Structures are given as C-alpha cells and as structure tokens.
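What follows draws every value from the coordinates through simple rules; no lab data is involved. Fair warning: this is a prediction, and the values are worked out from it, not measured in the lab. Cβ coordinates were reconstructed from backbone atoms using ideal geometry, including for glycine residues, and neighbour counts include every protein chain displayed.
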Amino acid sequence: MIEYLLSGEFYQIMLFYVYAAILIGAALAVVTMRNSIYSALFLILCFFSAAALWMLLEAEFLALTLVLVYVGAVMVLFLFVIMMLDVKIKAKSGMSGYTKVGLLVALLMGVEMVMLLGKKLVDVVPQDDLVKHALGHSNVKEVATSLFMKYTLPFELASVVLLVAIVAAILLTLRRRDDYKSVSPENQVHVKAKDRMRVVKMDAERGNYIGGEE
C-alpha cells in the first residue's frame, strides 16, 4: 500500500482529480458569477487547469497552445470587450475584490504548476508515467489528422459560432448613448468655408471704471 502511494501512477491519478476538481469549480464560477470580470478571471483558471490535464496526457502541443492562445490572447480580448461595455466599478479603499480574486486565481495556477512540474525536478519521486506514448509520437500530426479529416464539420461549425460571437460583441459596443459624440467624415469632406466661419460686427465698448483719476 505504501509503495503504491509513493508510486508515480498514484501521483498522476491524484493530480488528475485535483486538476479536475479545480476545473469544475472554476467552470461553475464562470457561469454563476454575476460580475463579468470575475467570470473572465475564473475562465483563465479553467483554461490553465485544462492545459495541466493535457500535460498529464503528454499532449504538450495542445497544452501550450491553450495557454499561449487562449489565456494569453483570447482572454485579453475578452477583458478588452468587457471594458468597452462600460462595466460600472465602484472605487473602494484598500484591496478591491478584483485584486483578491486575481490573487486567488494566480495562487491556484502556481500550485498547479508546482504539482505538475515539481515531481520532474525531484529525483526521489518515481518518474514512471501513467500515460506513455511511443518514441517519436507527434502531437501536432495527431491533432491535424483528427481536426482536418475526422472532425472537419464540427471544426467549421465552431468557426461560424466564433464569428457570430465576434459580431455580437461588436454590436454591443455600438449602442447609442446620450453623452456620445461622433464625427461624420462625409460632412467634414463636403464642408465649405462659409459654413465654418462667420464674421460678426460688434460695437466697441469701454472697460469698467475701477477708480483713479480720469
């Protein structure tokens, strides 16, 4: 029993359940939080936990792509859209709720990295992997074969859904507001000098008397 608890197989099974629990909890927080910024932060944690699960399956290409593309680029775009939607933020003294949630997400991500990569840095922990691919296995080739040959139609449907989401996000930012000022390039091009400047004649007036001898 002790030998099994110290084995690499048990360690990877434990990692799977820990990462899966964090992933499910973060996913629930994404759909239950009323604040969109909190949802975006927990969505980052979801992506990172899914990447850790792919690392356990030796799918390094998918894991790194998820972190670099979705966490590093797509989530920045999400936060940019949220800022364009004019989310009302009340100023508070001290540490705000966004900072606390951000620190919590960063802490969980750090713990996941230590648990995933820490065992590779310690010689005491067994290095036998639960999932082991053959020598020369290519994640990129396997992903390309599945994506562009087996699941071409779902891939195209997902592209259409993402395009609709982008268009919807743009339309949300184009709503009219009373305090919004816009410039018409067409009116600027067709403007004439007489419409831009008008000479007004005014009678000269003396200044106010402030005292002293005249």
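Below, the figures for the structure above:
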| item | result |
| --- | --- |
| Highest average packing first - 146-152, 198-204, 10-16, 40-46, Cβ atoms within 10 Å | 40-46, 10-16, 146-152, 198-204 |
| Ordering of 54-61, 182-189 by packing [mean C-beta count within 10 Å, highest first] | 54-61, 182-189 |
